[in-house]
Amino acid sequence: MVSPPPVDDVRIAMELHVPTDVRLIERVVALVSRQVRDLDFPLQICTLNVPVALSEALSNAMLRGNQDDRAKHVRIRAAIDRHQLVLEVADEGGGFDMDLCTIDPTTPDNVAREDGRGLYLMHRLMDRVERFSESGDSEGSTRGNVVRLTLRRP
């Protein structure tokens, strides 16, 4: 009988394309969280860091990037190995300035605001948060906005 490879040798790569529909966020988050859990990441990462950060990235992509347009799609890529988790969420929007959009909602000036919490949470829960634009064709037209979330295994 052949034994399964140790978790140290396993790498998971997945790509999902979903329509802009916030009702799908929970299912996508559950799928990705399950893969992270299967590679024995710590419980807090599986139950807090990944679900909250990914939910925020997906809702921003759908509601802000795609402006809740159900004709548009969101692409999710996940690369998980024993060292780290890298998630990319791409929408069909024009992008944004991450520095201008990231506020600290705990300060007195921002505590009553309803916007800006998602990026703040992503930054607090992940080791690295990046934003860039994807090229759509050979002429360099912009195809979409990508947020990349990276979390190293503790």
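None of the figures in this text is laboratory data; all of them are computed from the coordinates on show. As the structure is a computational prediction, the values presented were derived from the model and not from experiment.
Quick rundown of the values:
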quantity: Whole-Hz ³J(HN,Hα) from phi, Karplus 6.51 cos²θ - 1.76 cosθ + 1.60, for the range 51-60, glycine and proline x; calculated: x, 5, 5, 5, 4, 5, 5, 5, 5, 4
quantity: Built amide H within the under 5 Å cut-off of GLN84, gap 5+; calculated: ARG153
quantity: Amide H partners (placed H, <5 Å) of VAL74, local residues excluded; calculated: VAL18, THR20
quantity: For GLY144, distant residues with modelled amide H under 5 Å away; calculated: GLU134
